[in-house]
Structure formats: C-alpha cells, structure tokens
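S.K.: Would you mind keeping the following structure in view while I ask a few things?
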Amino acid sequence: MAKANDDLFEYLIRLGDDHLILGHRLSQWCGHAPTLEEDLALSNIALDMIGQARSLYTYAGEVEGKGRSEDDLAFLRKEHEYHNLMLVERANNDFAHTIIRQLFFSVYAELLWEILSTSGDEKLSQIAAKARKEASYHVRHSAQWTIRLGDGTQESAARIADAVKTMAPNIQEMFDDDAVLQRLVQTGVIGDVAVLKAAWHISIAEIFSTAKIDTDLLETVAIGGARPGRHTESMGHILAELQYMQRTYPGCQW
Amino acid sequence: MYSQGLIGADDSTHEDEEFLARFQARIDAEEKIEPNDAMPQGYRKTLVRQIAQHAHSEIVGMLPEGNWVTRAPTLKRKAALIAKIQDEGGHGLYLYSAVETLGVSREQVTQELLSGKAKYSSIFNYPAITWADIGAIGWLVDGAAIMNQIPLCRCSYGPYARAMVRVCKEESFHQRQGYEILMMLCAGSDEQKAMAQDALNRWWWPSLMMFGPHDSESTHGSQSEKWKIKRISNDDLRRKFVTATVPQAEFLGLEVPDPELKWNEKTESYDIGPIDWDEFWSVVKGNGVMNKERLEARNKAWDEGAWVREAANAFALKSQEREQLEAAQ
C-alpha cells in the first residue's frame, strides 16, 4: 500500500508542478500583455493554474501523510524535486511563444483531465472534473489566438512558426511512459493514458490546419522526457523568485 | 485604485446662458446625464479627462502589484493578488468604455498615457519594495480610492456613476485583503512587524496626497462640484479617510508617521501635520522613483504588442471578407 501511495504522491506532484510553473510563467505577463483584454485573460489562466496546483498539492500532502502543506510542497523543495514538464519552464519570449506553449499544454491537460475524471481515486476524479472545464476554456483561448496569429500577418505567421519550432522538442515528454504511470494504470487510479498522444496530435492538426501552420514543424527530435527532476536553466531562476519569501523568512506565517 | 483630485482640467465652456441653465436645472434635480444627452463642452471634457485619468491609474496600478506576483509568499496570497490585479484591469476596461460613451476612443486616451501627456495617480510612482507594501497598497491606497469613489457613485454622469458602484464593491474587498495581509505581519515575527511599520511609514503621506491639493489651492473644484461630478471636497474626503484609518493602524499596533496627528473634539476628526506638497508636485511632474519605469513599461507592452494587434485586425478583416464571399456565392 505504501508503494501505491508513493506512486499517487509522485503523480500528483508532477501535475501540481506543471500547473504551478506554467501559472508562474503566465503571471509574469501581468500588466505587460499586448491588449488589456489579454492582460485579463492571461492572468485568469494563471489563476486557474495556481488554483489547480493548490488542489493537487493539498491532496499530495494528504497522500504523503507527513504533514506537508500546499505551501511546503510549492515553495520548499529543491530544484530536482520538482517533476514538471520542461515545456512549462520555456520562456514567455513573445506572445506567440506563450500562446503555443499554452496550446500544447492545454490540449494535453484537457484530454488528461477527461481521463482522470473517471479515476478510481475519488479525490483525483473530483479535482479532474473541475479542472477539465477550466482547461477547455484555456484550449479555446489559445486555439483562437493560434488561428489569429497563424492566419494574421506575415510577421505573426513567422513568429508562430518560430514558437512551434521552439516548443516542438518538448511535445514527446508529455506522453512518456514510465513504471509509475504503468502501476497507476494497472491499479485503476488513472485510465489509459496511452491514447493521449494520438488524440493530442489530432486536435493540434485540426487547429494548425485552420491556422495555416505546417504540421511538419511538429516533427523533431525530442528533448527532455521521462520526467523526474530534469530541467532547463530557467528553473533555478523561476525558483529564486518563487521561493524568495519562504527562503528569506523561514517559518513565518503570511 | 484611483487618482488624486483631477489635475489640469480645462472646464471652460462656451454654450449660451439658456442652454447652460437648462443643463444645470437637470443636474440640480439629480437627473443622470446619459451619453446621448446634450451637455456643455466643458462638462464633457472634464469627464473625459477625469475618467481617462482614473482608467490610466487602474492600468499603471497593475505594475507595482504585478511586481510581487511571482514572489508572493504563499499560494493563497499569490492567487488573491493575481485576482486583485485582474480586477484592477477590469476596472480599467469599464472606465475606458465609459470614456468611449463620451465620444473618445480607448486608443486615443491610451496614446495620451503613453506619450506622457495624460496623468495617472502619482501614488503608483512610488516603488513596492517589500511584501508589506502589497498590504499597505490594499489598505491605504485602495482605502483612499474607496473614499474618493463612493461619492462618485452619485456622480451626475450615468455611465461613470454606474461603473463606480461595481468598482467600489471590488475595491472594498481589496482593502480588507490588504489589511488582512498587514494583520498577519503584525501578529508575526519582529521582522514581519517592522516590515509592516516600514510600509506604513512610506505609504501614509502619499496616500493622503491622493485626495489632491487643499481646497484653498484647488482651481477647478467648484465647477466640478456645481456639475455634481465631484460631490465632496478634497480636504473633507482626506479628513474622513484619516479618521477612518487611524483606529485601524492602532488596532494593528502600528504608529502613524505624523507627530502632529491629534484628535479634534470639535470637528470629531483628526488634525494632521503639514503635507509635503513640494514632494507631491515633484512626483506629479515626473520626478518620483518609478515615473520613468512605469511609462517605459506601458510603452514597452504597447510597442511589443503591436504585431499581435495588427495580426488580430488582419485576421478579422480576412474572416469578414471570407464571410462576405460565402454569402455572395
């Protein structure tokens, strides 16, 4: 049983870290977006991401049973203990990079939450059911912008193509399999995640076709993958900001 | 958030006596003026200036708080701060829409902000350097904003008055949130409490300046008051704010940084020491710690977003053409 809990904890941490770090990236746009409407939209998505991270960490703390709170898990781990996708660490760069990163992640997240909403683990299925609705809005937002930018001006099309090239090496890591996932599938905690990759490519191909983006750009050599603790150079900087208060004033209540 | 009393308004107007008297009679009868109603040019210009200045303040006000989003100490605080800043952006949106009801586009007033021609609340030219500043901004800056804005809910111009009703509700939530941040600090370690006191020391006087110059110095208060755009004078609002806020500081165990602060039995309000108006005007004129950075940040966001807005427009045009073509076939 201890092993099952370890696996579930690891899985919740992976998902929680994905949402925390992507929420962090999105929140960096706050006050700096291309339009006021996008300032609101990106902040709103960031807020959803942080909210989902909170639910996942709180549950992870319960599963672990060592009394760690959502904040202990969010702020007081070392770099290698964060098990997020490298994709979510990728720099905001320009608006096109931010949108493509979001599209890739949100299409994945919506499909994943759908599978997890029928999880044998009741708590996880509840978190998933709520998150799925939010993810479908995020997909709508990033897909609409992908289409606008892909089929907008020459410049926007070039920028979106560049963003796809930058993010494409981080597609495969979303679908990597490992022993943790296999055991969770076997015990019915998560459904069949092997179908994710094909479904993701179908959705993206549809959006790219409307956006007039060449799907060949997706074909590239994968970077990263098989999760635990691998990061880009950005991660240390992200954590330096994220953890600043908790590290500077240890043990305080805020 | 909100700006100090209106700076540099030109409320001159050139309509005939009869028109002005009819308009004034509507105002005196507490009728709301609506976008399509006839109104004196001076009334329209004053409102455009005031509402745009208010909108710009909301937008620039996102920057000092945004500066703390990535470093917020807990996930709950981070979420609350993002939600608050999002509210401020939303206020900016309603207010720009209110400006548009007066026949001036958002782009037009935005250009005036970016060029440095339009003003925004000077308080945002002060830096938010510690986490306690996020508490102090909510408590004091939003608190002063509420004091300014509650009378604006009864402003004679309908769209502005109605926008203020919703804005005030959200601001009051922000103020409690800011105060609660400081309550936590004041109940915490010595270092946390010192952080709270330091924030009060730095934000107290600029917050009082948010109400604008003394009534005796204010050049355009009277016409605005006659038109019921402004309903309570700068000094009266400031006095109300101080009277409401001093007991809150005492409850926190913090000291208000004014050695001359004294309860006045006769007026049943606090008398305060002299406000440093040289500092106020110096910051208004661009010499605050953050003036240059704030405008640069707004300009950078605008310039770097140009290709996005162009693409969105180009796409909208293409979609329209495609629809027309389909309809024709």
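S.K.: Any residues in the range A:15-37 that have 40 Å² or more less accessible area with all protein chains than in their chain alone, probe 1.4 Å, and which are they?
M.R.: Residues of the range A:15-37 that lose at least 40 Å² of accessible area once the other chains are added: A:Ser27, A:Cys30, A:Gly31, A:His32, A:Pro34, A:Leu36, A:Glu37.
S.K.: Sorted by accessible area (1.4 Å probe), largest first, how do B:Phe23, B:Phe173 line up?
M.R.: So the residues, ranked largest to smallest area, are B:Phe173, B:Phe23.
S.K.: With every protein chain in place, what's the accessible area of B:Cys153 (1.4 Å probe, Å², nearest 10)?
M.R.: 40
S.K.: Further question: Under a point spin-label approximation (7 Å from Cα along Cα-to-Cβ), what is the A:Ser69-B:Glu217 distance to one decimal in nm?
M.R.: So the two model labels end up 4.5 nm from each other.
S.K.: Based on the Cβ-Cβ distance of A:Ala222 and A:Ala199, what FRET efficiency does E = 1/(1 + (r/R0)^6) give at R0 = 22 Å, to the nearest 0.05?
M.R.: Approximately 0.75, to the nearest 0.05.
S.K.: Could I ask something else about it? Which of the lysines could a cross-linker bridge to B:Lys45, judged by Cα under 21 Å and excluding same-chain residues fewer than eight apart?
M.R.: The qualifying lysines are B:Lys32, B:Lys117, B:Lys119, B:Lys226, B:Lys228, B:Lys230.
S.K.: Right, something else. When every alpha-carbon pair in the protein assembly as shown is counted, what percent end up more than 40 Å apart?
M.R.: Value for the protein assembly as shown: 35 percent of Cα pairs lie more than 40 Å apart.
S.K.: Counting trypsin sites (Lys or Arg not before Pro) as exposed when in a DSSP loop with at most 15 other beta carbons within 10 Å, what is the longest stretch of chain B free of them?
M.R.: That would be B:118-265.
S.K.: Which FRET efficiency, nearest 0.05, do A:Ala158 and A:Glu62 yield, Cβ-Cβ r, R0 45 Å?
M.R.: According to the calculation, E is roughly 0.40.
S.K.: At what distance in nm do the modelled label points of B:Lys76 and A:Asp6 sit from each other, each positioned 7 Å from its Cα along Cα→Cβ?
M.R.: Each label point is offset 7 Å from its Cα along the Cβ direction, giving 3.3 nm.
S.K.: Dipole magnitude of the protein assembly as shown about its Cα centre, charges +1 at Lys/Arg Cβ and -1 at Asp/Glu Cβ only, in debye to the nearest 20?
M.R.: 320
S.K.: Right, another one. How long are the semi-axes of the equivalent ellipsoid of the range A:2-248, defined as square roots of 5 times the Cα gyration tensor eigenvalues? Whole Å, largest first.
M.R.: 28, 21, 16
S.K.: Could you work out how far apart the two model spin labels at A:Thr166 and B:Glu304 are, taking each label as a point 7 Å from the Cα in the direction of the beta carbon, and quote it in nm?
M.R.: So the two model labels end up 1.0 nm from each other.
S.K.: Further question: With solvent modelled as a 1.4 Å probe, how much accessible area in total do chains B and A shield from it at their shared surface, in Å² to the nearest 100?
M.R.: Heavy-atom accessible area buried at this interface is about 4000 Å².
S.K.: Take peptide B:298-307, look around each residue's Cβ out to 10 angstrom, count Cβ atoms belonging to other protein chains, and average those counts.
M.R.: That works out to 4 on average.
S.K.: Still on this model: Can you tell me, using C-alpha contacts under 8 Å and at least 6 residues apart, the relative contact order of chain B as a whole percent?
M.R.: It comes to 20 percent, rounded to a whole number.
S.K.: Let's see if you can work this out: charge +1 on each Lys and Arg Cβ, -1 on each Asp and Glu Cβ, no other charges. What is the dipole magnitude of the range A:2-248 about its Cα centre, in debye to the nearest 20?
M.R.: 200
S.K.: Another one. Residues of the range A:70-90 with accessible area at least 20 Å² lower in the all-protein-chain context than alone (1.4 Å probe)?
M.R.: Listed by number, the residues meeting the 20 Å² cut-off are A:Asp71, A:Phe75.
S.K.: Another one. Which of B:Gly138, A:Ser136, B:Phe23 sits closest to the plus end of the dipole of the protein assembly as shown, meaning its Cα is farthest towards the positive end, when Lys and Arg get +1 and Asp and Glu get -1 on the C-beta?
M.R.: Going by the Cα projections, it comes out as A:Ser136.
S.K.: Translational diffusion coefficient of the range B:83-199 at 20 °C, 1.002 mPa s, Stokes-Einstein with Kirkwood Rh over Cα pairs, in µm²/s as a whole number.
M.R.: Stokes-Einstein gives a translational diffusion coefficient of 136 µm²/s.
The values are calculated or read from the model by the stated rules, or taken from the named source; none is laboratory data. Bear in mind that the values here come from a model prediction, so they are computed numbers and not experimental data. As a convention, Cβ positions derive from the backbone with ideal geometry for all residues, glycine included, and neighbour counts pool all protein chains shown. In case anyone asks, the SASA skips ligands and DNA or RNA and just uses the protein heavy atoms, side chains included. Shrake-Rupley method; radii C 1.70, N 1.55, O 1.52, S 1.80 Å.
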